[in-house]
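One structure coming up, written as structure tokens, with questions to follow.
The values are calculated or read from the model by the stated rules, or taken from the named source; none is laboratory data. Bear in mind the structure is a predicted one, so any value in this text is a computation, not a measurement. Neighbour counts run over all protein chains shown; Cβ positions are idealised from the backbone, glycine included.
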């Protein structure tokens with residue numbers, strides 16, 4: 001009969017010669033000097049969440065302006081700045097760093113490592129990200145950029161955007177870009193070298209697989225935008241003419257360079273979301289993930305294809321039909337691996353014993369509405385249709401279905417799923433579900449009608465429209481929806497603040513999870529694990545629970561979540 | 001609070017309504033679900049048709065996926081009495097997975113095929129109709145598309161600028177903002193920009209095309225119904241982007257010939273008067 005000893009084989013303890021024992025730094029200043037992956041992860045997530053709220057307020061201001069025709073709440077300059085800052089914030093200061101935050105906290109825990117491979121580099125990544133945000137938002141005090149987050153030349157050239165806002169944006173791209181590339185190298189090295197004994201590539205948790213792919217995509221795509229913004233900077237200040245048509249430069253060059261980065265960036269944002277969903281679903285369906293290998297293959301093929309589709313953002317530019325057809329075909333092909341993932345997720349739920357907790361709600365919301373974003377994506381990839389739909393609210397609706405119904409739902413699922421591990425306390429489940437329904441209704445009210453507005457002729461990035469267009473009603477619905485969505489997010493904020501002190505105590509493994517982060521205490525100690533178990537499958541915690549059951553004879557009821565008894569009644 | 005069946009039913013009902021409205025959209029609602037058309041221009045009509053075909057395929061996929069998802073959640077959620085039920089420990093099914101991969105690929109093959117069936121009608125300019133105006137200026141077509149058949153048609157140079165459109169006609173006349181065109185005549189637009197990128201779009205008359213500085217881009221339409229068609233610049237071009245409106249006014253070929261001749265005379269007359277005034281006002285004689 002096997003014993004706990006053999007199941008929980010320990011690694012040979014590394015020999016460390018300590019010359020002196022310094023006391024752990026404590027107090028608020030220790031947050032500035034920390035190199036602990038968990039504290040850096042918290043810094044990333046908290047900062048990104050603040051930027052999420054800022055970007056959300058910017059969105060609400062824009063929606064307020066657009067709620068009625070011929071509104072004069074915002075002037076065009078303010079509107080264009082808000083629009084530029086909203087896009088830039090949500091992409092560079094919220095979704096990507098939020099994913100990096102989750103990865104920072106959970107990749108080492110999931111693979112049974114003590115920390116990231118390069119802890120100091122990790123701290124540098126965070127501070128570069130924060131400085132990128134500070135440099136960008138400092139432009140509020142002189143002249144915020146107005147050329148949209150895509151910064152198309154010549155509009156972003158010094159002739160048409162003379163203020164310093166575009167330069168602030170360029171420095172944001174550089175700082176957050178270096179931050180992301182350093183972080184990506186760190187994740188790659190950590191996952192490649194520091195996995196627990198027994199954790200081969202086919203036992204790597206799916207979240208880590210997506211972070212590995214995310215890291216590779218960052219390394220491939222971000223240097224392109226770094227080069228492009230450097231060319232823009234020299235065009236603006238040092239007399240070069242890379243993008244200046246009057247001197248033989250080409251505005252189309254900017255679009256190619258930008259989208260060669262910009263499309264992989266979409267997958268940089270959404271692949272970790274796929275990872276979170278692939279972690280949450282099997283835990284709450286109490287059933288293994290369906291088609292682990294298919295999901296891994298789909299992840300890697302999506303990443304590969306994402307590097308070949310950039311010109312589908314340029315279907316209305318002067319390009320020949322052969323080229324358009326290539327990018328049409330390469331773009332629709334992505335729907336195959338993405339569809340495979342959706343089918344695998346639904347098959348994971350199929351015949352499960354689904355425990356209806358908040359993370360599962362957000363994960364199900366993700367599948368439901370990310371699918372709609374995927375379908376509208378196929379429609380947009382068909383270039384004759386894109387000639388009508390390009391640069392309209394249909395496109396806005398499409399990518400918000402991908403990034404809000406997709407990435408934000410996954411982030412909220414991740415927050416509700418991992419909050420107990422990070423803080424040791426549960427988020428309130430009832431408040432979580434209320435938050436879900438508000439975001440669900442608000443989101444669809446905001447964005448579903450925008451498909452129609454786009455097809456009816458409403459183009460993007462206009463700060464007002466005439467009442468004779470007839471767009472007023474749908475825009476009002478959209479604006480009301482955006483406030484409902486805002487309330488939904490706010491409820492989660494309240495839940496977080498409230499649960500930090502008053503949440504039910506979680507214990508090490510409140511959900512009966514599958515992966516190693518649930519093996520250690522909540523919150524984990526600075527060294528993460530005293531012993532690292534030998535990994536025998538993709539669900540090491542399930543193996544450990546079975547082992548305990550065999551050894552002690554006490555049944556480890558798989559569908560009973562342990563924390564429920566601890567949650568105060570009526571909380 | 002569990003996912004109650006009342007909520008579940010509500011969600012099912014809402015989805016069913018959404019699906020039904022997609023599938024059986026009455027004419028009044030069709031406008032909300034498909035791109036604009038109705039000026040009689042073949043490109044816009046064909047885009048509309050292609051969109052509907054794709055939408056039907058998409059609706060089937062959407063209803064299938066959402067239906068299965070909802071059914072799974074409602075049917076397989078843990079019930080109170082199921083204290084210790086362990087779910088089926090299924091890890092995958094190779095033939096099923098190959099099946100849906102091939103299935104998804106086939107759906108995309110269908111979409112690709114119908115797209116390439118409809119593409120020529122959208123991209124290639126149509127022949128000018130029997131009642132159309134006769135040629136004025138060389139006939140060009142979009143980048144690599146064929147010239148319209150026949151020698152009749154009209155080419156208009158569209159100079160886009162912050163925040164106006166300037167239309168130059170073959171006879172030397174020009175106009176701003178409102179473009180007057182003859183019906184039943186293939187109109188080729190020669191798009192360029194003198195400052196930043198703009199994008200020409202009249203939704204009822206087909207897709208948009210960018211006017212990129214340093215490049216020439218071309219598009220076309222052929223209006224069969226007289227009337228005024230509204231559109232606007234579709235690419236962010238600065239603070240006045242929202243005000244950069246464009247109108248196409250389709251009139252009968254006879255009316256068009258009268259207008260373009262009159263417009264040319266008026267411009268020439270105004271130029272002569274301006275030259276006269278310059279001579280009068282100039283201090284150096």
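Can you confirm whether region B:40-59 contains a residue that is outside any helix (DSSP H, G or I), within 30 Å of residue A:390 (Cα to Cα) and in the same structural domain as residue B:14 (by TED's automatic domain parsing)?
Checked against the condition, which is being outside any helix (DSSP H, G or I), within 30 Å of residue A:390 (Cα to Cα) and in the same structural domain as residue B:14 (by TED's automatic domain parsing), region B:40-59 yields at least one hit.
What single numbered condition from (1) at the interface with another protein chain (Cβ under 9 Å from one of its Cβ atoms); (2) buried (at least 24 other Cβ atoms within 10 Å of the Cβ); (3) assigned to a helix (DSSP H, G or I) fails to hold for residue A:406?
Answer for residue A:406: the failing condition is (1).
Ok, one more. Quick one: which of A:371, A:430, A:446, A:423 is closer than 26 Å to residue A:493 by Cα and either touching a strand residue (DSSP E or B) at 6+ places or on another chain (Cβ under 6 Å) or within 10 Å of chain B (Cβ to nearest Cβ) (or both)?
Answer to the selection: A:430.
A further question on this structure: Taking the residues in region B:32-48 that are more than 17 Å from residue B:187 (Cα to Cα) and over 12 Å from the mean Cα position of the chain (by Cα) as candidates, determine which candidate is farthest from the other protein chains (Cβ to nearest Cβ).
Only one residue fits best here, namely B:33.
Here is a further query. Residue A:378 - would you say it is surrounded by fewer than 21 Cβ atoms within 10 Å (Cβ to Cβ), touching a residue at least 24 places away in the same chain (Cβ under 8 Å), within 13 Å of chain B (Cβ to nearest Cβ) and closer than 19 Å to residue A:274 by Cβ?
no
Working only within region B:191-224, note down all residues that are in contact with a helix residue (DSSP H, G or I) (Cβ under 6 Å, 6 or more places away or on another chain) and more than 9 Å from chain A (Cβ to nearest Cβ).
Within region B:191-224, B:205, B:221 meet the criteria.
Can you confirm whether residue A:261 is within 8 Å of chain B (Cβ to nearest Cβ), at pLDDT 95 or above, assigned to a helix (DSSP H, G or I) and within 23 Å of the chain's Cα centre (by Cα)?
Criteria not met by residue A:261.
Out of the residues in region B:116-134 that are farther than 18 Å from residue B:251 by Cβ and surrounded by 17 or more Cβ atoms within 10 Å (Cβ to Cβ), which is modelled with the lowest pLDDT?
In this case the residue turns out to be B:126.
Now for a different question. Out of (1) at the interface with another protein chain (Cβ under 9 Å from one of its Cβ atoms); (2) farther than 27 Å from residue A:519 by Cα; (3) touching a residue at least 40 places away in the same chain (Cβ under 8 Å); (4) under 19 Å from the mean Cα position of the chain (by Cα), what's the single condition that is false for residue A:397?
For residue A:397, the failing item is (1).
Any residue at all in region A:139-159 that's surrounded by fewer than 18 Cβ atoms within 10 Å (Cβ to Cβ), over 27 Å from residue A:251 (Cβ atoms) and either away from every other protein chain (no Cβ under 13 Å) or touching a helix residue (DSSP H, G or I) at 6+ places or on another chain (Cβ under 7 Å) (or both)?
yes
Now, a different point. If you go through region A:310-335, how many residues are free of Cβ contacts under 8 Å to residues at least 24 places away in the same chain and either more than 8 Å from chain B (Cβ to nearest Cβ) or not in a loop (DSSP other than H, G, I, E, B) (or both)?
The number of residues fulfilling the criteria is 5.
Still on this structure, I have one more. Can you tell which of B:25, B:88, B:11, B:20 is closer than 22 Å to residue A:450 by Cβ and either within 11 Å of chain A (Cβ to nearest Cβ) or at pLDDT 70 or above (or both)?
Answer to the selection: B:11.
Residues in region B:58-85 that are in contact (Cβ under 8 Å) with a residue 60 or more places away in the chain and at the interface with chain A (Cβ under 9 Å from one of its Cβ atoms): how many?
3
Filter region B:235-268 down to the residues that are within 14 Å of another protein chain (Cβ to nearest Cβ) and surrounded by fewer than 18 Cβ atoms within 10 Å (Cβ to Cβ), then identify the one that is nearest to residue A:158 (Cα to Cα).
Looking at the filtered set, the residue picked out is B:239.
Here's something else I'd like to know. Looking at A:274, A:243, A:207, which one is touching a helix residue (DSSP H, G or I) at 6+ places or on another chain (Cβ under 9 Å), outside any helix (DSSP H, G or I) and crowded, with 24+ Cβ neighbours inside 10 Å?
Testing whether each residue is touching a helix residue (DSSP H, G or I) at 6+ places or on another chain (Cβ under 9 Å), outside any helix (DSSP H, G or I) and crowded, with 24+ Cβ neighbours inside 10 Å leaves just A:243.
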